[in-house]
Amino acid sequence: MTAEQIMQRLAAPFPACDVEWRVQNTTQDKARGMAVPFIDSRAIQNRLDSVVGIYNWKTEYRPWHQVEKGDKERKARQDGTPKEVNASQLCGLSIYCEERKEWVPKWDGAENSDIEPVKGGISDSFKRAAVLWNVGRYLYDLNPVWVDIEPRGRSFAIQKHEFERLDREYERAVQKKFGSVPPSPHSRAEAPDTPKQPKAVSNGK
């Protein structure tokens, strides 16, 4: 496989069953939210395995900066409470280049997440590094979709009945951008697991 073929396969769109959605913004009444697509780490790992081979890619993680949380920082000044910080890390995703006979790394970083902070931060930095290899980069070009949402904990989740429509909207956008839709091994309704509800936000971020 040539380098150009490898890059084309890395950049290829994912089937709808591999795409997940998160709520990025909500309406004022919190009844509807703006859903944006993303790919989880396992889908990226499978893509790398199938395109370059399980022995020809690797990751490396390094600590990055720490950022003080604004509210906690102000409270600390007032009552002596220790300041709380958001830790972060860099991920280097390397692919072996047979032509050059060397590993080629690309790095990106992310702060720890609110849920499972370290695990979430590592996953996010890996996904961002994969985007530098053009894996899932096209998702940033797709328009968000407004959907019905429901409260879930301190945030919001997409209502179950919306996922089939999201799949259709995604496939329509992929067809327009790439000229074809990748085959899906199963529909979302036939998948062995219930669609995982991703993190959602209610503060508009």
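The values are calculated or read from the model by the stated rules, or taken from the named source; none is laboratory data. Computed from a prediction, not measured in an experiment: that's the story for all the values here. Because the Cβ atoms are built from the backbone with ideal geometry, glycine has one as well, and the counts that use them run over all protein chains shown. Heavy atoms of the whole protein, side chains included, go into the accessibility calculation; ligands, DNA and RNA do not. Shrake-Rupley method; radii C 1.70, N 1.55, O 1.52, S 1.80 Å.
For residues in segment 145-187 being under 24 Å from Gln24 (Cα atoms) and hydroxyl-bearing (Ser, Thr, Tyr), which is most open to solvent (accessible area, probe 1.4 Å)? Per the criteria, the residue is Ser155.
Condition test on Ser125, is it open to solvent by less than 20 Å² (accessible area, probe 1.4 Å), of a type in the set (Ser, Thr, Tyr) and either in a helix (DSSP H, G or I) or modelled with pLDDT of 95 or more (or both)? Quick ask: steps written out before the conclusion?
Working: open to solvent by less than 20 Å² (accessible area, probe 1.4 Å): yes; of a type in the set (Ser, Thr, Tyr): yes; either in a helix (DSSP H, G or I) or modelled with pLDDT of 95 or more (or both): yes.
Yes: the conditions hold for Ser125.
Annotation note: Cβ proximity below 9 Å between a residue of segment 169-180 that is touching a residue at least 24 places away in the same chain (Cβ under 8 Å) and a residue that is open to solvent by 90 Å² or more (accessible area, probe 1.4 Å) (sequence gap 6+ or interchain) occurs for Glu169/Asn143; Ala173/Asp141; Ala173/Asn143; Lys177/Asp141.
Segment 1-120 holds helices (runs of 4 or more DSSP H) entirely within its bounds, and those carrying 1 or more residues that are at pLDDT 80 or above and surrounded by 18 or more Cβ atoms within 10 Å (Cβ to Cβ) map to 3-11, 41-52.
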